[in-house]
Amino acid sequence: MRYRWHEGELLPINDWWAKQQRAARSSLPRPYIRTDGMGDTLNHADGRTYDSRSAYERALKDSGNHIVEAGENTGGTPLVEDVPGLERDIYEAIQKLEAEP
């Protein structure tokens, strides 16, 4: 399960998205746009640095290794399974960070 901190509240990403949809000016869905540019990123499969997302992903695939790119998971099986108490732990961690001077 993914969460988003929004206006002092920890929301499951689906609940946050539903709030955003209600606040939108239109009932049309928002397009998902993923730009090809990214900051310089080291590819551990070949040791080169990339600033193009598509070139980076192509290099991972071409390496022949079974590498899983973690991060912006765009569907399929979640990278992390639900963990009991995860929401509470995240909330407490955020509270501790906000309490620090």
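Computed quantities for the displayed model
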| read-out | value |
| --- | --- |
| Full-extension gain in nm, Thr41 to Val83, via 0.36 nm per residue minus C-alpha separation | 12.1 nm |
| His66-Trp17 pseudo-label distance in nm [points 7 Å out on the Cα-to-Cβ vector] | 2.9 |
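Quick note: the coordinates plus some simple rules give every number you see, no bench work behind them. A quick note: this is a predicted structure, and the numbers were derived from the prediction, not measured. With ideal geometry, Cβ positions are generated from the backbone for all residues, glycine too; neighbour counts draw on all protein chains shown.
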